[in-house]
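See structure below.
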Amino acid sequence: MYKLSIMIFVSWSLFCTSAFTQEAPLVGLWVINETLSEVTDDKVEIALNASGQNVKRGFFNRDKEYYRGGPVEQEMYDFISYEKSLLISFDSEEYTFTYGEFVRPVFMDNRGASVSLSSMNDVEDFSFGNWENDILLVEGRPRDGGFTVERYELSEDGRQLSVQLYIQPQSFRVPIELVRVYDRSSENQN
């Protein structure tokens with residue numbers, strides 16, 4: 001019995017250590033690396049053109065956030081694809097991704113999301129994730145009925161975070177595919 005208790009304690013300790021070491025490196029403040037990141041508006045235009053929609057941004061209007069600011073049901077798309085910083089924290093079975101004023105919980109406890117059409121006005125954005133080797137996979141369900149698939153991967157030295165976004169708003173026929181690269185902020189250093 002004593003040996004079994006020790007084996008259970010050691011196994012649990014290794015599991016907790018492994019889980020902590022996997023989740024802890026993402027924690028901190030990340031700042032966009034504009035040189036290595038793709039421009040969101042360029043990718044939105046590609047999706048709009050592929051859908052046969054008329055692109056409104058002209059040659060003289062090259063604002064990098066021209067398409068930002070859609071309906072509130074689509075605000076998750078705007079924040080994950082335009083915001084210049086990302087603050088990540090982890091508590092027990094949940095990440096919190098903070099993009100400016102937008103706070104987004106990412107549940108890691110294998111829960112699913114179901115939405116009742118009768119309570120559509122009460123629906124909130126929902127995100128859940130899981131680890132696949134060293135990549136955090138996140139699926140987002142924004143209020144507009146679309147979805148996101150996101151891959152978060154650290155560089156070997158842990159100083160850069162590469163995020164591959166597959167964004168499928170319900171109103172788009174073609175997804176927006178985009179890569180954002182963040183540098184670890186010096187504010188993370190002790």
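The values are calculated or read from the model by the stated rules, or taken from the named source; none is laboratory data. Nothing here was measured: the structure is a model prediction, and the numbers come from that model. Using ideal geometry, Cβ is built from the backbone for each residue, glycine included, and neighbour counts are taken over all protein chains shown.
Mind checking whether some residue in region 119-127 is at pLDDT below 95, hydrophobic (A, V, I, L, M, F, W, C), within 16 Å of the chain's Cα centre (by Cα) and surrounded by 13 or more Cβ atoms within 10 Å (Cβ to Cβ)? Yes, the conditions are met somewhere in region 119-127. For region 128-138, the set of residues classified as surrounded by fewer than 17 Cβ atoms within 10 Å (Cβ to Cβ) and either not charged (D, E, K, R) or not in a loop (DSSP other than H, G, I, E, B) (or both) consists of Asn130, Trp131, Glu132, Asn133, Ile135, Leu137, listed by residue number.
Each row is one residue, and each column tells you yes or no for (1) surrounded by 12 or more Cβ atoms within 10 Å (Cβ to Cβ); (2) touching a Pro at 6+ places or on another chain (Cβ under 6 Å); (3) part of a strand (DSSP E or B); (4) free of Cβ contacts under 8 Å to residues at least 12 places away in the same chain.
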| residue | (1), (2), (3), (4) |
| --- | --- |
| Glu153 | yes, no, yes, no |
| Asp157 | no, no, no, yes |
| Val163 | yes, no, yes, no |
| Tyr166 | yes, yes, yes, no |
| Gln170 | yes, no, no, no |
| Val174 | yes, no, no, no |
| Val179 | yes, no, yes, no |
| Tyr182 | yes, no, yes, no |
| Glu187 | no, no, no, no |
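Within region 1-30, the residues that satisfy the criterion of being modelled with pLDDT of 85 or more and either surrounded by fewer than 17 Cβ atoms within 10 Å (Cβ to Cβ) or in contact with a helix residue (DSSP H, G or I) (Cβ under 6 Å, 6 or more places away or on another chain) (or both) are Pro25, Val27, Gly28, Leu29.
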